[in-house]
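First comes the structure, then the notes that go with it.
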Amino acid sequence: MFDALSDKLQATLGDVRQRGALTEDDVKATMREIRLALLEADVNFAVVREFTSAVREKALGEEVLKRVDPGQQVVKIVSDELTELMGGAGADLALSPRKPTIVVLAGLQGSGKTTAAAKLARMLREEKGLDVALAACDVYRPAAVEQLVTVGQQAGATVYERGTDMDPVEIAKWARDQAVADGRDVLIVDTSGRLHVDTELMQELANIKKELKPHDVLLVVDAMTGQDAVNVAEQFAEQVGFDGVIMSKLDGDARGGAALSVKAVTGMPILYASTGEKLDAFERFHPDRMAQRILGMGDVLTFVEKAQREVDQDQAAEMERKLRKAEFSFDDFLDQLQTVRRMGPIGNLIGMLPGAGAQLRGMKVDERELDRVEAIVLSMTPEERRRPDLIKGSRRLRIAKGSGTTVQAVNQLVKQFEQMRKLMKSMSRGKMPDIGALMRQAR
């Protein structure tokens, strides 16, 4: 996400960071490059002007230019201003002490409301242990109710639906009463969208809002539509009002104009971001962490949080023991691979590592190759996974056929696995192995 903007800002600030001293002309030249980068990223023009003005004023301060490391100070100023631009400290849902907390989702057709409803339900259930229900109030889009039922079940949420023949406001009222009777913690209302903002949509939303008195109204906007998304958000803010934004399809947005503009234009923060197609590709939006990602500083906190959710501490301790004693098996390898994949797309994880995003930007991570590796391991017998030395000749042919791959692919995986075990064994004895030799042998 934000790849194009990130590359340009990192290149511009990288040059500034390396300078031993900065002049006023250096700062002005840097501001021109930053302004161009933001405009090319489709950031709102007024927002760009205010942003660069604020950065310039702080960067030209005497306490910056006279520092030993003025370049680093400018980078910090840009990071701080980006954080403030996207919402500062960040925000979260306002959960009510009285059940249920009612959340209404609004947005244009195609913005991803229905999927976002299920993703939010899953997050609230998994991370906060809440009992969540979904209300199917989109009665106009074909198969919208069926879609919500399907993704709602996948998210582990109850779905309240009355088909498409009732008025959406009546369905919303009925769903609220059901949620109260069932003692649900949260009710998420999926409303209808339109191809454009119109009076009918706004009035329907206003009626639902008036009837339910929701604790939060969240606007779902498609990050890939850039300034169109910001214009839509501005109209919703003026006509109906909302409390926060869910930014969908953020993983496909190489520019970042919507995410960088929406808070400044509407005054409403981005609460959540959808970063992939799967239901677990959904996360809290942290402006400070996003600013660090954009500037190539990584996002270690989010990486650690994802790891903590997926890694069992007892299993981790046992894995460490096995690595030290070189008892690591293909079963262990498979467990570790699946754990990492549950954390999200590998490409997204790389972007969270400080400095790695820019260095590995050109590296394409083919998730299908990981599927093939899993298939090869799963085609082994339990004994073969425990004792890779058994995998010879006819066994390799059987594994290749069972996994739909080739004998060469099986040979390569087994060889690389053995080299990894040798590496772990050497390190456990306090020896530094010849990495180059190991890599040549593994080819």
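Brief remarks on what is shown
- Of all residues in the range 102-117 being at pLDDT 90 or above and touching a helix residue (DSSP H, G or I) at 6+ places or on another chain (Cβ under 8 Å), the one that is farthest from residue 169 (Cα to Cα): 115
- Residue match in the range 281-303 (condition: surrounded by fewer than 18 Cβ atoms within 10 Å (Cβ to Cβ), assigned to a helix (DSSP H, G or I) and at pLDDT below 75): yes
- Unmet criterion (only one of (1) within 23 Å of residue 124 (Cβ to Cβ); (2) outside any helix (DSSP H, G or I); (3) charged (D, E, K, R)) for residue 255: (1)
- Scanning the range 148-158 for residues that are without any contact (Cβ under 8 Å) to a residue 60 or more places away in the chain and either buried (at least 20 other Cβ atoms within 10 Å of the Cβ) or closer than 26 Å to residue 199 by Cα (or both) returns 148, 152, 157.
- Test: residue in the range 84-105 that is touching a residue at least 12 places away in the same chain (Cβ under 8 Å), touching a strand residue (DSSP E or B) at 6+ places or on another chain (Cβ under 6 Å) and assigned to a helix (DSSP H, G or I): no
- Residues that are more than 34 Å from the chain's Cα centre (by Cα) and of a type in the set (Lys, Arg) within the range 396-425 comprise 396, 398, 401, 415, 422, 425, listed in sequence order.
- In the range 46-96, the residues that are modelled with pLDDT of 80 or more and within 20 Å of the chain's Cα centre (by Cα): 79, 82, 83, 84, 85, 86, 87, 88, 92, 93
- Residue list for the range 184-205, restricted to those being of a type in the set (Gly, Ala, Ser) and more than 31 Å from the chain's Cα centre (by Cα): none
- For the range 180-198, the count of residues that are buried (at least 22 other Cβ atoms within 10 Å of the Cβ), assigned to a helix (DSSP H, G or I), on the phi < 0 side of the Ramachandran plot and touching a residue at least 12 places away in the same chain (Cβ under 8 Å) is zero.
- Taking the range 378-389 as the range and being part of a helix (DSSP H, G or I) and at pLDDT 90 or above as the test, the residues that pass are 378, 382, 383, 384.
- Test: residue in the range 83-90 that is within 20 Å of residue 264 (Cβ to Cβ), touching a Phe, Trp or Tyr at 6+ places or on another chain (Cβ under 7 Å) and hydrophobic (A, V, I, L, M, F, W, C): yes
- Annotation: of all residues in the range 133-149 being out of contact with any Gly (no Cβ under 7 Å at 6 or more places or on another chain) and assigned to a strand (DSSP E or B), the one that is nearest to residue 166 (Cα to Cα) is 137.
- Only residues that are touching a residue at least 24 places away in the same chain (Cβ under 8 Å), closer than 30 Å to residue 228 by Cα and surrounded by fewer than 22 Cβ atoms within 10 Å (Cβ to Cβ) were counted across the range 116-143, and they come to 5.
- Residue within the range 358-375 that is at pLDDT below 80, in a helix (DSSP H, G or I) and either surrounded by 14 or more Cβ atoms within 10 Å (Cβ to Cβ) or hydrophobic (A, V, I, L, M, F, W, C) (or both) present: yes
- Top-ranked residue in the range 7-21 [being of a type in the set (D, E, K, R) and surrounded by fewer than 15 Cβ atoms within 10 Å (Cβ to Cβ); ranked as nearest to the chain's Cα centre (by Cα)]: 15
The values are calculated or read from the model by the stated rules, or taken from the named source; none is laboratory data. In this text the structure is predicted, and so the values were computed from the model without any measurement. Note: ideal-geometry Cβ built from the backbone for every residue, glycine included; neighbour counts use all protein chains shown.
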